[in-house]
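First up is the structure itself, then whatever we jot down about it.
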Amino acid sequence: MSARRRSAGGIVLRLLAASVGGYALASLAGIALAFAMPWCCGWSRAEGVLAGSLLSFIAYLAAALWAFATRSLVVMGGLVVAGIGLLLLLWFS
């Protein structure tokens, strides 16, 4: 396999991780924050949902930057682990 083909495959994997993984992580983070804000800060549910959805944009940006900033695809797997951790947190709460 040529170096150019490997490079193109890495870019495609990073693009998928940034778009799909970033969206999943951002939506799970928004849901988790929407549940957590009224409980920990004493806010109303509407304020918790608003804060969760606003902060989910930052989570999406961080996930997309992380996918393209890492040197190896193995380190990028941390994005998947973070998403699974948030999913388990929401599932068991």
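Just the residues that are among the hydrophobic types (A, V, I, L, M, F, W, C) and either farther than 21 Å from Leu88 by Cα or in contact with a Gly (Cβ under 8 Å, 6 or more places away or on another chain) (or both), please, taken from the range 40-56. Hits for the range 40-56 are Cys41, Trp43, Ala46, Leu50, Ala51, Leu54, Leu55. Beta carbons closer than 8 Å, at least 6 apart along the sequence or on distinct chains, pair a first residue in the range 74-92 that is over 13 Å from Ala24 (Cα atoms) with a second that is among the charged types (D, E, K, R) and open to solvent by less than 40 Å² (accessible area, probe 1.4 Å) for Met76/Arg14. Contact map, the range 37-64: first residue farther than 22 Å from Gly22 by Cα, second residue outside any helix (DSSP H, G or I), Cβ cut-off under 8 Å, separation 6 or more or different chains; pairs are Pro38/Ser44.
The values are calculated or read from the model by the stated rules, or taken from the named source; none is laboratory data. Source: prediction; values computed, not measured. Heads up, the Cβs are rebuilt from the backbone with ideal geometry, glycines too, and the neighbour counts pull from every protein chain shown. Each accessible area value is taken on the protein alone, full model and side chains, heavy atoms only, with ligands, DNA and RNA left out. Shrake-Rupley method; radii C 1.70, N 1.55, O 1.52, S 1.80 Å.
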